[in-house]
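What follows is a short report on a single structure.
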Amino acid sequence: METNRKYCCKIRVFEDVEKTVRYAKMIEAAGCWMLTVHGRTIAQKGVMTGLANWNIIKIVRESVSIPVLANGNIQYLSDVQKCIDATGVNGVMSAEGSLHNPALFAGIQPNVWQVALEYIHLVKQFPCPMSYSRGHLFKIFHHVLVMEDNYDLREALGKGKSIECFEDVCNQLKERYEPYFHAKEWSPKNPLILNLPFPPWICQPYERPPPSVHPNYNKSRNFEQENQTKIYNTDVVVGENTISKKRLKRMNRKGLTCLPTRIRDDRKLEVCLQPDCSNIAGAKCDRKLCRICCSTKCKTEIVDCVGHRIHMQSQKDIGSPEKMEIVDV
């Protein structure tokens, strides 16, 4: 189908460099106008994040003729030129770095309350869901909220139900640390703060510990099985209902003492037919499997599941050079 629109895509790399190049070329052949390459694999998330691989980004850039942007390891403005010199890309993209310091591309590092109050002013002009604002403020305040002296403000930010509550947290942080910002002596006690290049009230990136120090680093990387086990352990019983810990946490934050009325106690739920799985089967799944088990089965047997909207067979029939994993694009 011909179109006048220009499409930009974003991918993560594979551990196999050649597979990454073939995947990038396939996207280019499909009509992609500009490609962003995140130099981490799909497994590099959370505590397993690690550093992005600029070498693979460089190889992809040399293998395609469309503009390429690099993503990963951009924590300061100086990293932009380093990345361009190392990879030859046309530009860079920053995600987490700019969340901790929204002024990253301006080359400055303001204090956290200055940025937060400016953000809140914008939210008042252009409203958004409270969870979005809360998430952004947690990123900006990350280093000050891990300090024991500010646990009260961290709780207030987590339970706040209005933008005015968030603004009050900003003002309290400003009141506590503005004297130090103006050259008053300050001695950090928290070990998480001691190694920071700047005081915690200055916007700066959060550097995760390398994956090698994580206790699960050398374990099997069967992430689907790990996620399935994680789901088993997150069920809690409230009254006659079984809910996830994530949902219970959300209920506590909102001050709810019972499940919302839209969840009916009389609904008929079937357990997944996969052995050793206690998840609830999808209501529209023909195989009566939960989404995780159904996804594993579809990927293994290259079949579709209309109920779960998994289209492995359909993807294969489209005509890719070879069967490849489906990653976020």
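If you check Leu77 against the conditions, is it under 30 Å from Lys254 (Cα atoms), aliphatic (A, V, I, L, M) and free of Cβ contacts under 8 Å to residues at least 60 places away in the same chain? If you could, list the steps in order and put the result at the bottom.
Values: under 30 Å from Lys254 (Cα atoms): no; aliphatic (A, V, I, L, M): yes; free of Cβ contacts under 8 Å to residues at least 60 places away in the same chain: yes.
Spelling it out, it is not the case that Leu77 is under 30 Å from Lys254 (Cα atoms), aliphatic (A, V, I, L, M) and free of Cβ contacts under 8 Å to residues at least 60 places away in the same chain.
Scan region 1-47 for residues that are aliphatic (A, V, I, L, M), over 12 Å from Val68 (Cα atoms) and under 15 Å from the mean Cα position of the chain (by Cα) and jot them down.
Passing the criteria: Ile42, Ala43, Val47.
Considering Tyr180, Tyr151, which residue is modelled with pLDDT under 95, surrounded by 12 or more Cβ atoms within 10 Å (Cβ to Cβ) and assigned to a helix (DSSP H, G or I)? Walk me through how you get there before you give the answer.
Values: Tyr151 fails: surrounded by 12 or more Cβ atoms within 10 Å (Cβ to Cβ).
When all the criteria are applied, what remains is Tyr180.
From the list Arg264, Arg253, which one is of a type in the set (D, E, K, R), touching a Gly at 6+ places or on another chain (Cβ under 8 Å) and at pLDDT below 80? Let's see the steps before the verdict.
On the way: Arg264 fails: touching a Gly at 6+ places or on another chain (Cβ under 8 Å).
Exactly one residue qualifies, and that residue is Arg253.
Residue by residue, here is whether (1) buried (at least 17 other Cβ atoms within 10 Å of the Cβ); (2) within 19 Å of Phe138 (Cα to Cα); (3) touching a Pro at 6+ places or on another chain (Cβ under 9 Å) holds:
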position	(1), (2), (3)
Glu62	no, no, no
Asn71	yes, no, no
Val80	yes, no, no
Ala86	no, no, no
Gly91	no, no, yes
Ala116	yes, yes, no
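Name every residue in region 44-60 that is closer than 17 Å to Ala86 by Cβ and open to solvent by 70 Å² or more (accessible area, probe 1.4 Å), in order of residue number.
Leu51, Asn55, Lys58
Which members of region 283-301 meet the condition of being open to solvent by less than 20 Å² (accessible area, probe 1.4 Å) and free of Cβ contacts under 8 Å to residues at least 60 places away in the same chain?
Cys285, Leu289, Cys290, Cys294, Cys298
The values are calculated or read from the model by the stated rules, or taken from the named source; none is laboratory data. Being a predicted model, the structure only gives us computed values, none of them experimental. Positions of Cβ are generated from backbone atoms using ideal geometry, with glycine treated the same way; all protein chains shown enter the neighbour counts. Remember, those area values only see protein heavy atoms, side chains included, never the ligands or the DNA or RNA. Shrake-Rupley method; radii C 1.70, N 1.55, O 1.52, S 1.80 Å.
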